[in-house]
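Data block below; observations after.
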Amino acid sequence: MLDVSHIPSQNQQTFTFYSTGNWQTWSKPRNAKMIEIFCLGGGGSGGHPLISSSSGTGGGGGGSGGIVRGIIPAFLLPDIIYIFVGKGGIGPKTASTSGSAGGISYVGLQPSILEKTLICKSSTTSAGGGNSTGPAGLGATISIVALSAFGNLGMFTSVAGVIGGTGISTTGAGGSSQIALGSNIITGGAGGGGKGSGIEYVGIDITPASVILTSRVSGGQTIGANGESGYGRLQPFCGTGGAGGAAILIGVGGAGGDGWYGCGGGGSGSGSIVSKAGNGGDGLVIITVIT
């Protein structure tokens, strides 16, 4: 008879941690053989442009959070580890206000962000918020796995965040699009529409690049229309940022759409009354135990 007692079974337990603003604890199950960690940071929010009845550039989209994933033999870890899941940036509701950064997610042996106690963190710096004058928020910078001391117990890889999309200028220039699954499993947010010389520009879409995500996330398509919020799925894990709001000469500019987990929020469109930029998506930590 073939001896398979040394091979891990196909039994798995999955534990998903959402952002609460506090440290959370996870207890290692009995008979755990291997532990897989997926650590995603929060996305940055979109930016809110200047209020004007004549001309203005749309707000920039927020960048996406970073990702770290890896596997560690269970016997090398203590019975309890600590998780902090980063929040997404909150979209501003004030004129001429850049978006806020997304939070970094951490997994460690203590409720501390000190590198010497960490197993991993989602990125080195946070995902940036979109600018109020059109430039995009930067994606979170890649995590340097070797600096997380106890990450050296396993095998980890890290992925940088994606830069958001720029807002459309007063001349119709700019407005770089986001492509779902173009280079990452998540995206930044799209930019908002600007206006100038009596012309109001629509918000920027997030376009699909794969059959896995088939639906376009539409920016505001008529004057003052809101951008759609992003969406995604857990299996296979992938998602999108929020689309940009459309501009309007007189009235409330279109709001930016909110980002899915780890994705950037959309920038709001230019208007003469305050609107709202899209929120960045919260981070997420998923731990899978193989017994």
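Throughout, read-outs are computed from the coordinates displayed, never taken from laboratory work. Keep in mind that what you see is a predicted model, and the values were worked out from it rather than measured. Ideal geometry is used to build each Cβ from the backbone, glycine not excepted, and the neighbour counts take in all protein chains shown.
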Given Cα pairs under 8 Å that are at least 6 residues apart, what percent is the relative contact order of the range 181-267? 33 percent
Principal axes first, then extents: for the Cα atoms of the range 63-193, list largest minus smallest coordinate on each axis, whole Å, largest first. 60, 30, 18
Quick calc, the chain, dipole around Cα centre from Cβ unit charges on Lys, Arg (+) and Asp, Glu (-), nearest 20 debye, gives 220 debye
Virtual spin-label span in nm between I51 and V274, 7 Å along Cα→Cβ: 0.7 nm
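Please rank C39, C238, C120, fewest neighbouring Cβ atoms within 10 Å first, as an exposure proxy. All intermediate terms of the calculation are to be shown ahead of the outcome.
Values: C39 31, C238 21, C120 25.
By the 10 Å Cβ count, ascending: C238, C120, C39.
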Mean Cβ-within-10 Å packing, highest first, puts peptides 92-99, 220-227 in the order 220-227, 92-99
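Here are some pairs, K116/K276; K121/K195; K28/K116; which of them have Cα atoms lying more than 30 Å apart in this structure?
In this structure, K116/K276; K121/K195 exceed 30 Å between Cα atoms.
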Need the C-alpha centroid separation for the range 29-67 versus the range 245-259, integer Å. 19 Å
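Dividing the alpha-carbon Rg of the chain by 2.2 N^0.38 Å yields what?
Working: Rg = 20.5 Å, N = 291, 2.2 N^0.38 = 19.0 Å.
The value comes to 1.08.
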What whole number of Å gives the distance from the Cα centroid of the range 78-125 to the Cα centroid of the range 159-184? 24 Å
Would you compute, for the Cα atoms of the range 45-114, the largest minus smallest coordinate along each principal axis and list the three values in descending order, in whole Å? 65, 20, 15
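Less than 15 Å Cβ to Cβ from L76, Lys/Arg counted +1 and Asp/Glu -1: what total charge do the surrounding residues give? Walk me through the intermediate numbers first.
Working: positive: K28, K33; negative: E36, D79.
Taking every other residue near L76 into account, the sum is 0.
For the range 159-265, what is the convex hull (Cα atoms) projected area averaged across all directions, in square nanometres?
The orientation-averaged projected area of the Cα hull of the range 159-265 comes to 6.1 nm².
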From fewest to most C-beta neighbours within 10 Å, the residues Y106, Y231 line up as Y231, Y106
Would you order R233, R30, R69, R216 from fewest to most other beta-carbon atoms within 10 Å of each residue's own beta-carbon? R30, R233, R216, R69
